[in-house]
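The values are calculated or read from the model by the stated rules, or taken from the named source; none is laboratory data. Just so we're clear, the structure is a prediction, and the values are computed from it rather than from any experiment. Counting neighbours? That spans all protein chains shown, and the Cβs are built from the backbone with ideal geometry, glycine included. Note: accessible area is taken over every heavy atom of the protein model, side chains too, but ligands, DNA and RNA are not part of it. Shrake-Rupley method; radii C 1.70, N 1.55, O 1.52, S 1.80 Å.
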Amino acid sequence: MFHRVLVAGLLLAGPSLADDVTTFRLENGMDVVVIEDHRAPAVTQMVWYRVGAADEPPGHSGIAHFLEHLMFKGTDDLAPGEFSATVEAQGGDDNAFTSWDYTAYFQRVAADRLDLMMKMEADRMRDLQLLEDDVVTERAVIIEERKQRTDSSPGALLNEQMRAAQFLNHPYGIPIIGWKHEMEMLDRTAALDYYRLYYAPNNAILVVAGDVTPDAVRKLAETHYGPLQPSAGIPPRLRPSEPPQLAERRLIYRDARVSEPYVQRTYLAPERDPGDQQKAAALTMLAALLGGSGQTSVLARALQFGPDPVAVYSSAYYDGTSVDDGTFGLVVVPMPGKTLDQAEAAMDKVLADFIATGPDQADFDRIKTQIRAEQIYARDNVGGLARSYGEALAVGLGIDDIKAWPSVLDAVTRDQVVEVAKEVLDRRRAVTGWLMPEEEGTQ
């Protein structure tokens, strides 16, 4: 089931605010967003909790994801597994996912089933029942998931090691799924303490999108979520901050399972801040120009399709939708016969040339057009809209920021892209990783 998968969403650009979006707050502090779309008699309900892996108590890595699993166990009204079975019996589907900054749960059902979905979701928000056997069983499940998704993947292990090196002090360096030795110590008491503190209406955002009206959603929300008691003592999201990063970090991860070596680099990069999204918009443009547009990207033209190709694949990526500073990343996979040294040197030359000359005007205009088109297409996907709003609000952005994001992106200039590239693409704030096969004779 998808709720077993860890995700951290990557959006090139969020959708613009539609005219049919309504927001309000219940008396117990729960924020509600209603996105009307009457084209089909269906609805998506999402509940976003403003807590994720970066908010975990020290020594309890993985507990946010662990509780996501446990939320599908029983409540005082529902037997273990009955929640998802009920959704399926109504012809719908449900899921959940955990990131560093949030944990979210959703259902997609016929619009006339929304009342039932709210009743069940509100029930497990405050009345989860955890038996010791459930905790032991599900702990084994998440440890097995780590084995399958991380420990069995050289690329995932490289990413994990690079994040740990990238963040010197911030909990973004801790994997969402957790470190195995700490996952093995997670218990019922820790899970319930975490649940009782953070899973409350005053720490949640309800997003309802589809064939609904604001008045109807308000009535249902007040009926089901309104009586829930808020949680006292939810701490502010003041995570340990990063000190100045003064030295590049480099690492090599060797694994016998590696068949395609590659070089990857991440840089510490600012996020979208409430009322101040210009830098994040310029970084979004920079990622799209360098490696987010396929064969026409700057990296691809130089490294894959130039007169002396050195790579079979290249990309650049950035996601600024987070509470604190995140990363800007690059990947280059050398072609057979080329070394990682050669690939990295070629990548660095492309970056230096880009900073020296700036983006080609035709490329810049093309990327702007692509982003505008993606915003329009995104408005056609009501589930995607629900996710975009929930994610942005869960990391501290406001409705005004979501409204402004398309125009902020559209206002980015070539000079701003070069300026942010000079600032962010600083090797002193970077981690460079090489993924390689094991050498003969090594263990």
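Overview of results
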quantity	calculated
Output for the stretch 145-156, where each listed residue is more than 22 Å from His69 (Cβ to Cβ) and either surrounded by fewer than 19 Cβ atoms within 10 Å (Cβ to Cβ) or without any contact (Cβ under 8 Å) to a residue 24 or more places away in the chain (or both)	Gly155
Residue in the stretch 377-387 that is closer than 26 Å to Val51 by Cα, assigned to a helix (DSSP H, G or I), in contact with an Asp or Glu (Cβ under 7 Å, 6 or more places away or on another chain) and not aromatic (Phe, Trp, Tyr) present	yes
Flag if Val332 is of a type outside the set (Asp, Glu) and assigned to a strand (DSSP E or B)	yes
Tally, over the stretch 39-85, of residues that are over 20 Å from Glu184 (Cα atoms), open to solvent by 30 Å² or more (accessible area, probe 1.4 Å), of a type outside the set (A, V, I, L, M) and more than 18 Å from the chain's Cα centre (by Cα)	7
Yes/no for Ala362 being more than 16 Å from Ala282 (Cβ to Cβ) and either at pLDDT below 95 or surrounded by 14 or more Cβ atoms within 10 Å (Cβ to Cβ) (or both)	yes
Scope the stretch 186-211; condition outside any helix (DSSP H, G or I) and either open to solvent by less than 10 Å² (accessible area, probe 1.4 Å) or under 20 Å from Glu391 (Cβ atoms) (or both); matching residues	Leu186, Tyr199, Ala200, Ala204, Ile205, Leu206, Val207, Val208, Ala209, Gly210
Checklist (1) in a loop (DSSP other than H, G, I, E, B); (2) within 30 Å of Val412 (Cβ to Cβ); (3) at pLDDT 95 or above applied to Phe72, failing item	(2)
Selection from the stretch 292-315 of residues that are in contact with a Leu (Cβ under 7 Å, 6 or more places away or on another chain), free of Cβ contacts under 8 Å to residues at least 60 places away in the same chain, not in a loop (DSSP other than H, G, I, E, B) and not hydroxyl-bearing (Ser, Thr, Tyr)	Leu299, Ala311
Criterion violated by Thr442 - all others in (1) outside any helix (DSSP H, G or I); (2) open to solvent by 30 Å² or more (accessible area, probe 1.4 Å); (3) modelled with pLDDT of 95 or more satisfied	(3)
In the stretch 212-232, residue surrounded by the fewest Cβ atoms within 10 Å (Cβ to Cβ) [restricted to those that are small (Gly, Ala, Ser) and under 26 Å from Arg39 (Cβ atoms)]	Ala216
All positions within the stretch 202-232 that are of a type in the set (Gly, Ala, Ser) and more than 21 Å from Arg124 (Cβ to Cβ)	Gly210, Ala216
Residue ID - farthest from the chain's Cα centre (by Cα), chosen from residues in the stretch 328-346 that are buried (at least 23 other Cβ atoms within 10 Å of the Cβ) and closer than 27 Å to Gln277 by Cα	Leu330
Cross-chain or 6+ apart pairs with Cβ under 8 Å, the stretch 91-112 first and on the phi > 0 side of the Ramachandran plot, then in a strand (DSSP E or B) and open to solvent by 20 Å² or more (accessible area, probe 1.4 Å)	Gly91/Ala110
Given (1) under 18 Å from Leu351 (Cα atoms); (2) open to solvent by less than 10 Å² (accessible area, probe 1.4 Å), number of the condition Val412 does not satisfy	(1)
Options Val87, Val47, Val43, Val33: the member that is farther than 30 Å from Ile174 by Cβ and in a strand (DSSP E or B)	Val43
Subset of the stretch 107-144 [under 15 Å from Tyr225 (Cβ atoms) and either under 26 Å from the mean Cα position of the chain (by Cα) or open to solvent by less than 40 Å² (accessible area, probe 1.4 Å) (or both)]	Gln107, Leu114, Met117, Met118, Met120, Glu121, Ala122, Asp123, Arg124, Met125, Arg126
Pick from the stretch 388-400, criterion modelled with pLDDT of 95 or more and crowded, with 20+ Cβ neighbours inside 10 Å, ranking: farthest from Thr22 (Cα to Cα)	Val395
